[in-house]
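I have placed the structure first, in the form of structure tokens, so that the comments after it can refer back to it.
The values are calculated or read from the model by the stated rules, or taken from the named source; none is laboratory data. As the structure is a computational prediction, the values presented were derived from the model and not from experiment. As a convention, Cβ positions derive from the backbone with ideal geometry for all residues, glycine included, and neighbour counts pool all protein chains shown. Note: accessible area is taken over every heavy atom of the protein model, side chains too, but ligands, DNA and RNA are not part of it. Shrake-Rupley method; radii C 1.70, N 1.55, O 1.52, S 1.80 Å.
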Amino acid sequence: MNAIQTTRLFTVNEYRQMAECGILKPEERTELIEGQIILMAAQKPPHAAISDNIEKYFRVLFEGVAAVRSQKPIVLSDRTEPEPDIALVRMQPRNYYDRHPTVEDLFLLVEVSDATLSFDINQKLAAYARSRVSDYWVADVNAGCIRIFRQPQNSEYLQQFFVHPGDQVTALAFPEKKIEIGQFFPS
């Protein structure tokens, strides 16, 4: 009899239980992507700076209309709970005290990528598309641009385009808000 190798996939509840009982240590930065526990890469200075720039800019631009979450969980399915660099979500009176935001609360996800670019535009992109995340942006640190993915279908996005410093773009949910891409990258 031939042995077949399989991967044990985890649910969001099992993942949280592992953290609660100490299997996953608090200092370990992890996220659950389609049942797999992913160790998050350490942030290099450019990654941290661009994440900070986007967060600060979005907090001002979307004040009163959306909440900005930075590196906090978003529940996309029973097997996917990523911690995106930036998530623009529906405002809630208790600030998600009782639960994490879900895809129904989500307006925009942004991942900042340098060493993780391949993972963010392949595995994460597929997971986000399957979860029906309608507006997914990847800040490509090395290329100095934003890759925008829209119109999820199955495990891909039908619309993909690049914007650069000097360009303006809008989030799908807020077409009246002009976003200056130059605000994300240091000049």
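For the chain, set up a GNM with springs between Cα atoms under 10 Å and report which of Asp105, Asp167, Asp120 has the largest fluctuation.
The residue with the greatest mean-square fluctuation here is Asp167.
Give the shape of the range 17-61 as rounded, prolate or oblate, defined through the alpha-carbon gyration tensor: a ≥ b ≥ c are the square roots of its eigenvalues, a/c under 1.5 means rounded, and otherwise the shape is prolate if a/b is larger than b/c and oblate if not.
Prolate.
Report, in whole Å, the centroid distance computed from the Cα atoms of the range 85-139 and the range 149-180.
The range 85-139 and the range 149-180 have Cα centres separated by 13 Å.
Which whole-number percentage describes the relative contact order of the range 11-117, with Cα contacts under 8 Å and a sequence gap of 6 or more?
Answer for the range 11-117 is 25 percent.
With the cut-off at 23 Å, tell me which of the pairs Lys44/Lys72; Lys44/Lys177; Lys25/Lys56 have Cα atoms farther apart than that.
On the way: Lys44/Lys72 19 Å; Lys44/Lys177 30 Å; Lys25/Lys56 29 Å.
Cα-Cα > 23 Å for Lys44/Lys177; Lys25/Lys56; rest within.
Just by accessible area at a 1.4 angstrom probe, what is the order of Ser77, Ser131 from largest to smallest?
If we order Ser77, Ser131 from most to least accessible, we get Ser77, Ser131.
Which of Phe58, Phe149, Phe174 moves the most in a Gaussian network model of the chain with Cα springs under 10 Å?
Judging by the Gaussian network model, the answer is Phe174.
For the chain, what is the mean residue ellipticity at 222 nm derived from helices alone (per DSSP H run of n ≥ 4: -39500 (n - 2.57); sum divided by total residues; nearest 500 deg cm²/dmol)?
Result for the chain: -6000 deg cm²/dmol, rounded to the nearest 500.
Ordering Cys145, Cys21 by how much accessible area each has at a 1.4 Å probe, largest first, what is the list?
So the residues, ranked largest to smallest area, are Cys21, Cys145.
At 1.4 Å probe size, put Met91, Met18 in order of accessible surface, largest to smallest.
Largest to smallest exposure gives the sequence Met91, Met18.
Would you please put 158-164, 108-114, 67-73 in order of how densely packed they are, using the mean number of other Cβ atoms within 10 angstrom per residue and starting with the highest? List each step's numbers first, then the result.
Details: 158-164: 12.4, 108-114: 23.9, 67-73: 19.0.
Ranked by mean Cβ neighbours within 10 Å, highest first: 108-114, 67-73, 158-164.
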